[in-house]
1. Can you tell me which condition Ser76 does not meet? The list is (1) touching a Gly at 6+ places or on another chain (Cβ under 7 Å); (2) open to solvent by 20 Å² or more (accessible area, probe 1.4 Å), and all the others hold.
2. Taking interchain pairs and intrachain pairs at least six residues apart, which have beta carbon atoms under 8 angstrom, with the first residue in the range 26-38 and not assigned by TED's automatic domain parsing to the domain that holds Asn67 and the second open to solvent by 40 Å² or more (accessible area, probe 1.4 Å) and among the hydrophobic types (A, V, I, L, M, F, W, C)?
3. How many residues, within the range 11-49, are surrounded by 15 or more Cβ atoms within 10 Å (Cβ to Cβ), within 27 Å of the chain's Cα centre (by Cα) and at pLDDT below 90?
4. Name the pairs: first residue in the range 249-269 and touching a residue at least 60 places away in the same chain (Cβ under 8 Å) and within 17 Å of Tyr122 (Cα to Cα), second residue of a type in the set (S, T, N, Q) and crowded, with 17+ Cβ neighbours inside 10 Å, Cβ to Cβ under 9 Å, at least 6 apart or on different chains?
5. Scan the range 64-71 and give yes if some residue there is of a type in the set (S, T, N, Q), in contact with a Ser or Thr (Cβ under 8 Å, 6 or more places away or on another chain) and either under 21 Å from Ala202 (Cα atoms) or buried (at least 22 other Cβ atoms within 10 Å of the Cβ) (or both), otherwise no.
6. Taking the stated definitions as given, is Glu246 surrounded by 14 or more Cβ atoms within 10 Å (Cβ to Cβ), acidic (Asp, Glu) and over 20 Å from Glu120 (Cβ atoms)?
7. Give me the pairs, please: first residue somewhere in the range 144-169 and of a type in the set (Val, Ile, Thr), second residue anywhere and within 6 Å of ligand 1 (Cβ to nearest atom) and not in a helix (DSSP H, G or I), beta-carbon distance under 8 Å, and either six or more positions apart or on two chains.
8. Hydrophobic (A, V, I, L, M, F, W, C), within 15 Å of Phe210 (Cβ to Cβ) and away from ligand 3 (no atom under 16 Å from the Cβ): is that true of Ile99 in this structure?
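The values are calculated or read from the model by the stated rules, or taken from the named source; none is laboratory data. Here the structure is a predicted model, which means the values were calculated and not measured. As a convention, Cβ positions derive from the backbone with ideal geometry for all residues, glycine included, and neighbour counts pool all protein chains shown. Only protein heavy atoms, including side chains, enter the accessible area calculation; ligands, DNA and RNA are left aside. Shrake-Rupley method; radii C 1.70, N 1.55, O 1.52, S 1.80 Å.
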Amino acid sequence: MKGIGGFYYVSDGNGTVHECKARGRFRKEKMKPMVGDFVEFEDLTGYSSIEEILPRRNAVKRPAVANIDRILLVLSAGKPAADLVLADKLLIQAEQNNIEPVVVINKTDADSERARELEEQYACYDTVLTSARNSEGIGGLKDRIRSMCVCLAGQSAVGKSSLVNRLDESFGLETGGLSKKTDRGRHTTRQAELFYIRDCDAYIVDTPGFSMFEMELEKKEIAGCYPEFRRFGKTCRFVSCMHDREPDCTVKQAVETGEINRERYERYLRIIHSLEEK
Ligand SMILES: Nc1nc2c(ncn2[C@@H]2O[C@H](COP(=O)(O)OP(=O)(O)O)[C@@H](O)[C@H]2O)c(=O)[nH]1
Ligand SMILES: [Mg+2]
Ligand SMILES: [Zn+2]
């Protein structure tokens with residue numbers, strides 16, 4: 001469920017959470033239990049011990065979670081202003097790990113115009129408009145996580161913990177205001193933690209926000225992680241087209257005709273050019 005200061009909290013599926021240490025050999029093998037892991041553990045005198053980490057279906061680094069069916073990328077239509085390069089990078093990572101992303105546009109109550117604009121930019125993904133303040137879209141969110149294990153991702157203060165509180169009113173997770181000086185989020189969620197939402201039989205991982213993200217992908221893999229480029233890029237003149245300065249690029253043509261969102265495309269160029277510079 002979560003890990004803090006060398007302790008791992010393991011649910012036995014019958015409502016009891018066991019405080020466990022991990023066996024020393026995991027450290028030697030450079031393995032660390034992750035939130036979302038299935039483990040075998042043993043109750044010893046005074047403490048419990050994680051003995052095995054079962055094979056993972058998938059594992060992502062940011063946030064650090066395993067065995068996830070979907071990633072809910074939360075964007076804010078209000079403050080803090082959405083960092084869309086970060087959002088695109090998280091979507092690339094989800095795509096690369098074969099985890100279906102859902103784009104959750106929260107704080108619609110703060111700026112419905114901006115919410116619609118974001119919805120348009122991410123139209124090639126499943127999107128849902130929500131407000132943790134007035135409960136708009138919470139039913140739609142429940143439909144998208146039913147009977148799954150999902151993970152929240154996104155900047156700090158976009159409303160991830162507030163959404164979990166809306167999914168199950170009994171949680172009362174700590175949520176944070178915006179710091180007055182910077183309008184940026186304060187970090188109130190300190191570590192990833194798994195919660196069970198009884199109402200829709202779903203597990204959801206709440207995570208702290210983050211704003212820095214180094215891409216580990218090769219430049220040429222990145223274009224393949226854009227669903228809209230995959231659709232239009234089959235007919236580029238070059239099979240290895242990066243959709244940048246190459247001639248006869250059907251992705252660029254689709255940007256011109258408005259079939260591919262221009263902002264998304266321009267951020268893509270920024271992302272691949274930043275890798276070139278490195
Ligand atoms: N207006 C508005 N504020 C929200 C909404 N969701 C969350 N907030 C506020 O945004 C701040 C950060 O929320 P929090 O859930 O802690 O964000 P997290 O860091 O992503 O978990 C808090 O002050 C919340 O009350 C929303 O839908 N509308
Ligand atoms: Mg939080
Ligand atoms: Zn191309």
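1. (2)
2. Note: pairs meeting the criteria are Met34/Ala59; Met34/Ala64; Val35/Met1; Val35/Ala64; Asp37/Leu54; Phe38/Leu54.
3. Going through the range 11-49 one residue at a time, the tally reaches 1.
4. The qualifying pairs are Asn261/Gln121; Glu263/Gln121; Arg264/Gln121.
5. no
6. For Glu246, the condition - surrounded by 14 or more Cβ atoms within 10 Å (Cβ to Cβ), acidic (Asp, Glu) and over 20 Å from Glu120 (Cβ atoms) - is met.
7. Val158/Asn106; Val158/Lys107; Val158/Gly185; Val158/Gly209
8. no
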